[in-house]
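To start, the structure itself, in structure tokens.
The values are calculated or read from the model by the stated rules, or taken from the named source; none is laboratory data. For clarity, every value in this text was computed on a predicted model and none was experimentally measured. Every residue, glycine as well, gets a Cβ built from its backbone with ideal geometry; the counts of neighbours run over all protein chains shown. Only protein heavy atoms, including side chains, enter the accessible area calculation; ligands, DNA and RNA are left aside. Shrake-Rupley method; radii C 1.70, N 1.55, O 1.52, S 1.80 Å.
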Amino acid sequence: MVLKSTVTIGYNVLLSLSASVMSQELRPEFWKHYALTELRSAEWEALCDGCGLCCLVKLEDEESQEVAYTKVACKLLDCQTASCRDYPNQKQHVPDCIQLTPELLDTIHWLPPSCAYRRLHEGKNLPRWHYLNTGSRQSILKAKKSAAGRCISEEEIQDDDIEDYIVRWFR
């Protein structure tokens, strides 16, 4: 069974906001001091590291619920930068795109282990390479935790060939 869903979490919104606006809306080390349900909108969006892994097509075994990731990305994901090409309007282009919320974290089991939302929901810290810890959006690339440069668009493959694109490079 193909679990084809993408998650809207805000990386592209962050890129369009000025640093001064973001700093006014983000409380210092907010991820350490507030529950996910207590975060302001900008803080929730800021948790996204922009990896793009949530925008990859996943395959789920119906019996075991085991999830396999593919290197096949949503048609809107820019495979070189791992950012959405039309973030403000993605639901118009991809109706099954999921708007991630704190409440959904209880039901979504396929977010990658490195995902900030998943990690904080599980009571873990942000990864050392997360830009909120390092101050650099390049940290994710150096840590090899991004889909940037490692995926292909779903428009480039035949649906029947999806299993040929299973990867394990982000575990």
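Just to be sure, is Lys145 among the basic types (Lys, Arg), at pLDDT below 95 and crowded, with 16+ Cβ neighbours inside 10 Å? Don't jump to the end; show me each part of the working.
Details: among the basic types (Lys, Arg): yes; at pLDDT below 95: yes; crowded, with 16+ Cβ neighbours inside 10 Å: yes.
Yes: the conditions hold for Lys145.
Of the conditions (1) polar (S, T, N, Q); (2) modelled with pLDDT of 95 or more; (3) within 26 Å of Tyr34 (Cβ to Cβ), Gln80 clears all except one; give me its number.
Of the numbered conditions (1) polar (S, T, N, Q); (2) modelled with pLDDT of 95 or more; (3) within 26 Å of Tyr34 (Cβ to Cβ), the odd one out for Gln80 is (3).
Given the structure, is Gln138 surrounded by fewer than 14 Cβ atoms within 10 Å (Cβ to Cβ), touching a strand residue (DSSP E or B) at 6+ places or on another chain (Cβ under 9 Å) and of a type in the set (S, T, N, Q)?
Working: surrounded by fewer than 14 Cβ atoms within 10 Å (Cβ to Cβ): yes; touching a strand residue (DSSP E or B) at 6+ places or on another chain (Cβ under 9 Å): no; of a type in the set (S, T, N, Q): yes.
No; evaluated as a whole, the condition is false for this residue.
Could you check how many residues of the range 1-60 are part of a helix (DSSP H, G or I), surrounded by 15 or more Cβ atoms within 10 Å (Cβ to Cβ), at pLDDT 90 or above and out of contact with any His (no Cβ under 8 Å at 6 or more places or on another chain)?
Total meeting the criteria: 10.
For the list (1) surrounded by fewer than 19 Cβ atoms within 10 Å (Cβ to Cβ); (2) among the aliphatic types (A, V, I, L, M); (3) farther than 26 Å from His33 by Cα; (4) in contact (Cβ under 8 Å) with a residue 12 or more places away in the chain, I need the number of the one condition that Ala73 fails.
Unmet condition: (1).
I need a count of the residues in the range 79-92 that are within 17 Å of Lys144 (Cα to Cα) and open to solvent by 10 Å² or more (accessible area, probe 1.4 Å). Don't jump to the end; show me each part of the working.
Taking the range 79-92 as the starting set, the residues that turn out to be within 17 Å of Lys144 (Cα to Cα) are 79-83.
Subsequent filtering for residues that are open to solvent by 10 Å² or more (accessible area, probe 1.4 Å) retains 79-81, 83.
Of the residues in that region, 4 qualify.
Of the conditions (1) in contact (Cβ under 8 Å) with a residue 24 or more places away in the chain; (2) within 24 Å of His33 (Cβ to Cβ); (3) of a type outside the set (Gly, Ala, Ser), Asp106 clears all except one; give me its number.
Exception for Asp106: condition (1).
Name the one entry in Leu120, Leu105 that is touching a His at 6+ places or on another chain (Cβ under 9 Å) and outside any loop (DSSP other than H, G, I, E, B). Steps first, answer last, please.
Working: Leu120 fails: touching a His at 6+ places or on another chain (Cβ under 9 Å).
Of Leu120, Leu105, the one residue that is touching a His at 6+ places or on another chain (Cβ under 9 Å) and outside any loop (DSSP other than H, G, I, E, B) is Leu105.
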